[in-house]
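Visitor: Here's a structure for you.
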Amino acid sequence: MTTTHRFRRTPARALVLATALTAFAGAAHADTLTITHPPVPTPTLVDVGEAGESPGDVRIFHFGAETADGTDVVVDWVMTTTAIDAPETGVDSRLNYGVFSVGDTTNQIVLHGVALYPRAGATLKAASTAVRVVNGGSGRFAGARGWVESTHHDDDTWTHVFHLDD
């Protein structure tokens, strides 16, 4: 007999899990890279499937950023909607693929992950953070592994803190 367990995610449980993961990951990762940028531009929207918001819709971003020491960064970001009204009404699940080119395109760091977005917005809601995996790179980031915290601030600016393996 197979038993299926369904777990309900609640904001409190999510916060406890995120805090625990942050503490655990912080102990295992020694190097960080902080990248900031102003509000993101309006994305190019590729409306796939049913007209309007639906799974498969793709948002494409391209914008400038900088490291804490002022090095220019170019960000290319592709976000695909995977579920509507999940895990709750008005919230969409979106798969993210981001490439941060630091200084030039020979030094890239790559992230992947899923985050939850308000249906009405192209980005995370203000005053929220998403955690995603760092799964590669090139140049000085060749073989990069770790995780990144992306925070959308109340003033519409952003901070991405990459926690990289030694």
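Any read-out appearing in this document is the output of simple, stated calculations on the displayed coordinates, not a laboratory observation. Please read these numbers as outputs of a predicted model, since none were measured by experiment. Neighbour counts run over all protein chains shown; Cβ positions are idealised from the backbone, glycine included.
Visitor: Rounded to whole Å and ordered largest first, report the semi-axes of the equivalent ellipsoid of region 39-164 derived from its Cα gyration tensor (root of 5λ).
Guide: 26, 15, 14
Visitor: Can you run phi through the Karplus equation (6.51, -1.76, 1.60; θ = phi - 60°) for region 114-129 and list ³J(HN,Hα) in whole Hz, with x for Gly and Pro?
Guide: Per-residue couplings from phi come out as 10, 9, 9, 10, x, 3, 6, x, 8, 10, 4, 5, 4, 6, 10, 10 Hz.
Visitor: Measuring from centroid to centroid over Cα atoms, what is the spacing of region 115-143 and region 28-62 in Å?
Guide: Here the two parts' Cα centres lie 8 Å apart.
Visitor: Where nothing but the Cβ of Lys and Arg (+1) and of Asp and Glu (-1) is charged, how large is the charge dipole of region 39-164 around its Cα centre, in debye to the nearest 20?
Guide: 420
Visitor: Based on the inverse mean of 1/r over its pairs of different Cα atoms, what is the Kirkwood hydrodynamic radius of region 120-166, in Å?
Guide: 11.7
Visitor: Now, a different point. When L164, L111 are ordered from fewest to most other Cβ atoms inside 10 Å of their Cβ, what list results?
Guide: Starting with the residue having the fewest Cβ neighbours, the order is L164, L111.
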